[in-house]
1. Quick check: with the 1.4 Å probe, what order do H364, H248 take by accessible area, largest first?
2. Once you have the Kirkwood Rh of segment 175-288 from its Cα pairs, apply Stokes-Einstein at 37 °C and 0.692 mPa s and quote D in µm²/s.
3. For the chain, modelled as a GNM with alpha-carbon contacts under 10 angstrom, which of D200, D313, D72 fluctuates the most?
4. Please compute, for the alpha-carbon atoms of segment 93-161, the extent along each of the three principal axes and give them in descending order in Å.
5. Assuming R0 = 22 Å, can you tell me the calculated FRET efficiency for the pair T275 and R159, based on Cβ-Cβ distance, to the nearest 0.05?
6. How long is the gain from E168 to E324 if the chain were fully straight, where each residue apart is worth 0.36 nm and the alpha carbon distance is subtracted?
7. Could you tell me what % of all Cα pairs in the chain have separations over 41 Å?
8. For each pair in K21/K61; K214/K280; K214/K265; K107/K134; K174/K411, compute the distance between the two Cα atoms and list the pairs where it is over 24 Å.
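The values are calculated or read from the model by the stated rules, or taken from the named source; none is laboratory data. In this text, all values refer to a predicted model and were calculated from it rather than measured experimentally. Here Cβ is always computed from backbone atoms with ideal geometry, including for glycine, and neighbour counts include all displayed protein chains. The protein model used for the area step is the full one, side chains on, heavy atoms only, and it has no ligands, DNA or RNA in it. Shrake-Rupley method; radii C 1.70, N 1.55, O 1.52, S 1.80 Å.
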Amino acid sequence: MKVLIVGSGGREHAIAWKVSKSPKADKIYCAPGNAGIAEFAECVEIGAMEFDRLADFAEEKKIDLTVIGMDDPLVGGVVDVFESRGLRVFGPRKCAAVLEGSKAFSKDLMKKYHIPTAAYEVFDDAGEALQYLKTAPMPTVLKADGLALGKGVLICQNREEAEAGVREIMTDKKFGAAGNKIVIEEFMTGREVSVLSFVDGETIRIMTSSQDHKRAMDGDQGLNTGGMGTFSPSPFYTDEVDAFCREHIYQATVDAMRAEGRAFKGIIFFGLMLTEQGPKVLEYNARFGDPETQVVLPRMKNDIVEVFEACVDGTLDKIELAFEDNAAVCVVLASDGYPVKYEKGFAIRGLEAFQGKEGRYAFHAGTKFGAHGDIVTNGGRVLGITALGSDLKEARANAYEAAEWVDFENKYMRHDIGKAIDEAYIN
């Protein structure tokens, strides 16, 4: 069968790599793709938000299944466009992708269906938000309602920071239209865990746990980014946590969406906080996380195309997900200055070191082919270096070793990805 993947980052590279291992996939396309994805797929120059062009391409090439990797096209309704033409597509419709597209919607859904989450208030007027902050407990969390590339969340330690944050989001429009509405949320403390799941509208199948590192610099300093690294599984995601989430969060979310007439098919990403009161939902995403995908898919035993098709067809209840009894760590190699200002176009050296190395992967996030056919940097996050190991410590050592195999002019990375691994062993 022919498969089209929509997107251009490390997540889509990991998906393309996994699809290439399926005996069902004869030909893979990716729009627009990147230099790394080109190893597994034919990249086509169509943007992820060009819905009609994507659907035209799928019709012309007789694509059997399209997989949407990114949040923007899902929230924008690309799945609806494909389905209106009778094309098979993996991902939630626009009415279901709102689970990620509007934080106010997701918070209201959780409140209505008693899904554990932080206390919150929603405002579409900056003056009212500032008035509320006068009596709100500190620290507090401000969230732009819409999509903001994973950066629309501000943690404010005091009232002055919070007031400045409201003006930044709602008045100065730092995140554009995403800040037309704001969620002001109780600050929760605890361990963060990410859990990805496949959903077919009714049935949910949980993948292995992971944990990412959002801050740009070591010690969780610096600005929020799209993710500087991740590891899987989380040692803090215990059997007790899993049992609680399955009963009170996972299936409850799928049932709530169906009850609202927004049946969800695709990926639900659960961002969880393990608080003293129990697990609570920090956020939902309506697609694979990035870079969580880069550590989860290398551990998954299943044929991913079969799982995609089961979600589309509503037969996920017949699938049991299976994961290797090992661990994976991903270290992101970024361009120095990310996420604010950085140069690109630098030649990347050493990628050939990964050829034939089982359990070591260089997933391309921001790369392209240069003028001379070489591969050059083309983004803030350039590569996700993933390595497997028998346990988390071995996987981390392998990932950092592999991170030294490649080099480019302004290469930059965190050196403490997976620092919680040591804390888990101490405790």
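1. Numbers: H364 10, H248 70 Å².
Putting H364, H248 in descending order of accessible area: H248, H364.
2. Details: Rh = 15.4 Å.
For these conditions, the coefficient is 213 µm²/s.
3. In the Gaussian network model the winner is D313.
4. Largest first, segment 93-161 extends 40, 28, 20 Å along its Cα principal axes.
5. Numbers: r = 23 Å, r/R0 = 1.06.
So, using R0 = 22 Å, E works out to roughly 0.40.
6. Details: separation 156, 0.36 × 156 = 56.16 nm, distance 4.45 nm.
Contour length minus Cα-Cα distance gives 51.7 nm.
7. Details: 9484 of 90951 pairs.
That fraction is 10 percent.
8. Details: K21/K61 21 Å; K214/K280 19 Å; K214/K265 27 Å; K107/K134 22 Å; K174/K411 27 Å.
Checking Cα-Cα distances, K214/K265; K174/K411 exceed 24 Å.
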